[in-house]
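To start, the structure itself, in structure tokens.
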Amino acid sequence: MASPKFPFSFWLLSTGALLFFVSFNLVLPELPSHLRELGGGEYLGLIIPVFSLSALVSRPLSGYITDQWGRKWALVAGTLFCIMAGLLYPFSGSVWFFFMVRMIHGFSTGFTPTGFVAYAGDVVDPAHRGKAMGWLGLFNNAGTSIGYGVGAWIVADFGRDGLYTATALSALLALLLFSRLPETFKSAEPRALEFKVSRWLHKESYLPAILMLLVCVSLGSVLTIMPDYTEFRGFDNKGLFLSLYIAASLFVRLISGTISDRFGRPVSVAIGTGFQILSTAILIGVSSSWGFWAGAILYGLGQGFNAPALFAWSSDLSSQENRGSATAMLFMALETGIIIGGLAAGFLVTRGLGYSSAFAVNGLCFVLAFGLALQETLRTRNQARS
């Protein structure tokens with residue numbers, strides 16, 4: 001499977017990433033029931049935001065550690081946090097302890113993805129970086145899908161404690177794979193923490209970070225309201241929209257990575273946000289079943305174009321010395337977008353403004369992102385001609 005484009009270490013990293021995503025997605029379908037049993041039913045809406053906020057807070061530190069101490073430090077630290085969360089969930093006998101474990105789990109995703117995106121940027125040739133991010137995203141999404149699907153089966157056969165044990169074991173397997181990776185970068189500077197903005201953020205990556213924030217507002221909205229919206233539309237499977245969009249995203253990622261490498265990252269983002277503008281328009285204007293399916297598939301196609309291009313773009317703009325902080329900045333934008341989108345969608349729907357109002361906010365963000373991507377495409381082409 002290894003090739004000059006993608007060395008063996010890349011596939012080892014990707015397999016570890018798949019196991020990591022399986023690990024923290026296994027528990028998601030079961031967490032609402034667990035929280036209700038603890039008497040925290042009114043706090044169900046905080047399960048995702050607490051997790052995302054914890055990940056957001058840890059991103060700058062993970063980027064700094066990735067650049068100063070090495071990529072494997074972030075990979076190992078994140079999987080250790082994930083193992084710890086899996087072992088602590090069974091002891092969540094109160095609402096406050098439950099959310100403390102969610103914060104620990106959020107720290108895991110604040111560290112490990114920063115490490116493996118930076119690592120992939122190190123080991124893959126820049127000319128194939130978009131395709132590499134597409135492959136890495138494919139493994140990540142496959143892990144997410146497996147986690148969602150297998151979690152319910154594990155609970156049925158082994159109970160909730162068995163599910164949490166499986167979460168810890170999957171993270172442990174990821175840790176074993178990550179430990180076999182050769183380190184790709186260590187800073188020659190001392191290992192003391194320096195609290196400087198220039199050390200913790202990568203200002204050159206501001207444009208892909210803004211675009212990431214804009215396109216992830218919709219992701220927060222989807223995670224928050226789509227289960228109820230799917231039921232409202234008459235479908236029994238509340239995860240149908242999520243399943244359709246993930247499947248479409250997986251299907252297109254390898255093609256989108258190649259387009260990103262050949263024609264540029266802004267072109268790929270413009271295509272992706274174009275698909276998502278169409279998705280939003282259909283969800284607002286079409287009430288039939290085919291409109292639901294088309295909206296989900298077009299949304300997934302857009303995500304499949306956007307994510308690989310934005311991560312590759314951030315890697316292009318960074319050197320090996322600051323690739324960790326550049327990656328962390330992009331993930332910070334992702335978490336911020338999810339939090340804003342989730343809170344906005346929840347507010348609009350609970351205030352009686354309807355699902356269309358939330359879709360309209362998503363559409364506005366997509367239009368802004370499309371305009372920025374198109375403007376950057378024209379700017380870079382004019383610059384190349386001159």
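The values are calculated or read from the model by the stated rules, or taken from the named source; none is laboratory data. Source: prediction; values computed, not measured. Using ideal geometry, Cβ is built from the backbone for each residue, glycine included, and neighbour counts are taken over all protein chains shown. With ligands, DNA and RNA removed, areas are computed over all heavy atoms of the protein, side chains included. Shrake-Rupley method; radii C 1.70, N 1.55, O 1.52, S 1.80 Å.
Some observations on this one:
- Rounded accessible area of GLU204 (nearest 10 Å², 1.4 Å probe): 90
- Gyration tensor (alpha-carbon) shape descriptor, the range 97-159, a/c threshold 1.5: oblate
- Ellipticity at 222 nm from helices only: DSSP H runs of n ≥ 4 in the chain, each -39500 (n - 2.57), divided by the residue count, give -28500 deg cm²/dmol.
- GNM on the chain, alpha-carbon springs under 10 angstrom: the most fluctuating residue among ILE154, ILE83, ILE259 is ILE154.
- For the range 53-158, the gyration tensor built on C-alpha atoms gives an oblate shape. Its axis ratio a/c (a ≥ b ≥ c) is at least 1.5, and a/b is not larger than b/c.
- 3J(HN,Hα) along the range 341-356, derived from phi through the Karplus expression 6.51 cos²θ - 1.76 cosθ + 1.60 where θ = phi - 60°, amounts to x, x, 5, 5, 5, x, 5, 5, 6, 5, 8, x, 7, x, 5, 4 Hz, with x in place of Gly and Pro.
- Global form of the range 128-190, assessed from the alpha-carbon gyration tensor, a/c cut-off 1.5: oblate
- For the pair the range 264-283 / the range 114-145, the C-alpha centres are spaced 21 Å from each other.
- The 3J(HN,Hα) values that the Karplus relation (6.51, -1.76, 1.60; θ = phi - 60°) gives for the range 152-163 are, in residue order, 5, 5, 5, 4, 5, 9, 10, x, 5, 5, x, 4 Hz. Gly and Pro appear as x.
- Estimated distance in nm for a label pair at SER179 and PHE158, the labels positioned 7 Å out from Cα along Cα-to-Cβ: 2.0
- Remark on GLY70: its backbone amide H falls under 5 Å from those of SER187, a criterion applied only to residues 5 or more positions apart or on other chains, H modelled at 1.01 Å from N.
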